[in-house]
Amino acid sequence: MSNQSGITADESLLGSFGSLANNESPSDVVVAEISSDNTTVKLCTTLSNAAELEIFAKREERPLYVFIRDSGRIVFISYVPESAPVRSKMLYASTKNTVLRQVGSNHISKQLLASLPEELSPGFWSSDASDEPAPLTEAEQISARISSEQRIESARGGRQLVSQTGGTSHTLSFKIASGEPIPSLLEQHNFVSFKINLEKEQVEVLSTAQLPGAREVPRSLSQNHPTYNIYKNNGKLHFIYSCPSGSKVKERMLYASNKSGFVKHLKEMDHLTMETVLEIGDSDELEISMLEKSSPATSEHGNPAPGQLKFNRPKRPGRRS
């Protein structure tokens, strides 16, 4: 998905925000949401005071955009619960900047991200909390920890950890916990699944299997957390990065930032060329046909250069049944 979703704010939201920004509204909080048909950001409700916000979020349990009048200034919070579907998270992330431009970003004194109802309490965002820094969200804590570790490693003259490279280094050397080379595993099995061990900073073999056909692959993908997976069909290798909708922010960041590095490791260190590199959310999003065709990317992208990775065209977003 692009950085902009094309979804814009409707007149009801713009009017309510204008009243809030001009101190003409009796309410201190304006809550907005993306419409069910994904065409506009509409007014969800207004709340008389910020103390009601946490209660409202706990009751609704869905993503929201929140505008709060605080000491004459406007605080904007993009609230996306951990339990929200992947598609909703992507829509709210890609629509946020468009909405802020429409309401006038010059009116916004502070922008925050939140994923828990408790983070919507005044103590999280209010200027009345003196000069104490606002509590970090889980994603911000992970980023801060990685940055801290990177500074320590640099001072020691050591190599960067996997999670510090953004998954783009050409010199990554992943340790496979099984002790057996990946090419050897693929000679014995046609499906190998990997997980990241954060404490040891290494990729480990999660499971192996000899599947009777491509239609068994979705059933073999983890439903609880992200995984890297390799499926071999008729001598062709297919890389599948799966990130289920229930995955934690911490896991999403780690796996997404290391995917490219792992694929490059497979190509450069293990001399394995992927026929396709697929990225999906839940297992039911996997297009089986991409694993059954001998050259699935050729019809859409032409013949690639020798050794070049071939990527499938992303699916058009659609409603789930």
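Every number here is computed from the coordinates shown, using simple stated rules; none is lab data. Every value quoted in this text rests on a predicted model; they were computed, and no experiment measured them. All Cβ positions, even for glycine, are placed from backbone atoms using ideal geometry, and neighbour counts span all protein chains on display.
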- Message: Taking 35 Å as R0, compute the FRET efficiency from the Cβ-Cβ separation of Gln210 and Asn38 and round it to 0.05.
- Response: 0.25
- Task: Treat each spin label as a single point 7 Å out from the Cα along the C-beta direction, and report the Met269 to Glu11 distance in nm.
- Result: 6.0
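Subtracting the Cα-Cα distance from 0.36 nm times the residue separation, let me have the gained length for Glu82 to Ser105 in nm, one decimal.
This chain segment gains 5.7 nm when fully extended.
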- Message: Can you give me the convex hull volume of the Cα atoms of region 8-116, divided per residue and expressed in Å³?
- Response: 90
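What pairs in Lys96/Lys259; Lys200/Lys264; Lys89/Lys250 have C-alpha atoms more than 22 Å from each other?
Values: Lys96/Lys259 26 Å; Lys200/Lys264 20 Å; Lys89/Lys250 14 Å.
Violating the 22 Å Cα-Cα cut-off are Lys96/Lys259.
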